[in-house]
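Take a look at the structure set out below.
We did not get these values from a lab; they are worked out from the coordinates using the rules stated. The structure presented is a predicted model; accordingly, all values stated were derived computationally and were not measured. Methodologically, a virtual Cβ is constructed for each residue, glycine included, from the backbone with ideal geometry; neighbour enumeration extends over all protein chains shown.
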Amino acid sequence: MAQYEPFETGVEARGRVIVAIEKGIEQFRDAHREAVRTALAEKGIADPDPDDWYAQAAELDVLATIAEEFGPHVLDRLGERIPSVARWPDGISGVAAGLRSIDDAYHRNHRGGDIGHYRFERVDEGRGRVECRNPYPCPFDRGLIRAVAKEHSPVESFVFVEERGGTCRRRGDDRCLYTVRW
């Protein structure tokens, strides 16, 4: 499966994830905001409610529009906003626990079939890998992973996220692998 294509029909995303996309775009130009509002409205999501559920396919179509019109850097920035608005587990301490919690948060904010997953593996002190098996675009996941690692790292830490591995959703695979250093 390629990015922007749900693994199954009927999968839904919680409205707060869509609100994060809508609100996150506000930091960009007026043209960006208007294009996102128009794309959401075309998918029947004119005024998303944070606690309602919406078709993941519609959300992914909006992300594809953003990538096409404004470039992948915008998706990266939007991915960074997700931890601040999505339903997330409490009591997380440290980068490894934070990266491990992405999968739990993902499942709290998506439903309705095979949604995929995020898997974290610690490699050594200050380094790990995150496998993303989901239909979201690579830059969006990179921003999400970086935001979670930064949020749970010591203040003096520098977080670096790099896509590595033999598979990539941009090439039609169903997963990407990221190396995280903190």
Task: Calculated on alpha-carbon atoms, Rg and Dmax of the chain in Å - done: 15.5, 47
Task: Expected 222 nm ellipticity per residue - DSSP helices of 4 or more, -39500 (n - 2.57), all of the chain, to 500 - done: -14000 deg cm²/dmol
Open item on the list: Sort 142-152, 29-39 by the packing proxy (mean of other Cβ within 10 Å over each peptide's residues), most packed first.
Closed with: 142-152, 29-39
Open item on the list: Could you give each residue of region 53-67 its phi-based ³J(HN,Hα) in whole Hz, using Karplus coefficients 6.51, -1.76, 1.60 with θ = phi - 60°, and x for Gly or Pro?
Closed with: 10, 9, 4, 4, 4, 5, 4, 5, 4, 5, 4, 5, 4, 4, 4
- [ ] Return one number: the angle in degrees, 0 to 90 and rounded to the nearest 10, between the long axis of the Cα atoms of helix 95-108 and the longest principal axis of the Cα atoms of the chain.
- [x] 30 degrees
TODO: Starting with the highest mean, order 42-51, 111-120 by the number of other Cβ atoms within 10 Å, averaged over the residues of each peptide.
DONE: 111-120, 42-51
- [ ] Counting other Cβ atoms within 10 Å, keep those with at most 14, restrict to DSSP loop, and tell me which chymotrypsin sites (Phe, Trp or Tyr not before Pro) in region 136-176 are left.
- [x] Phe158
Task: Phi-based couplings in Hz for region 135-145 (Karplus 6.51, -1.76, 1.60; Gly and Pro marked x) - done: x, 6, x, 3, x, 4, 5, 4, x, 4, 4
- [ ] Would you kindly derive the ³J(HN,Hα) couplings of region 14-23 from the backbone phi angles with the Karplus curve 6.51 cos²θ - 1.76 cosθ + 1.60 (θ = phi - 60°), listing them in order in whole Hz, with x for Gly and Pro?
- [x] 5, x, 5, 5, 5, 4, 4, 5, 5, 6
Task: Taking the chain and dividing mean pair separation by its residue count, relative contact order in percent (alpha carbons under 8 Å, at least six apart) - done: 27 percent
Task: Point-to-point label distance, Glu162-Asp47, nm (Cα→Cβ direction, 7 Å offset) - done: 4.8 nm
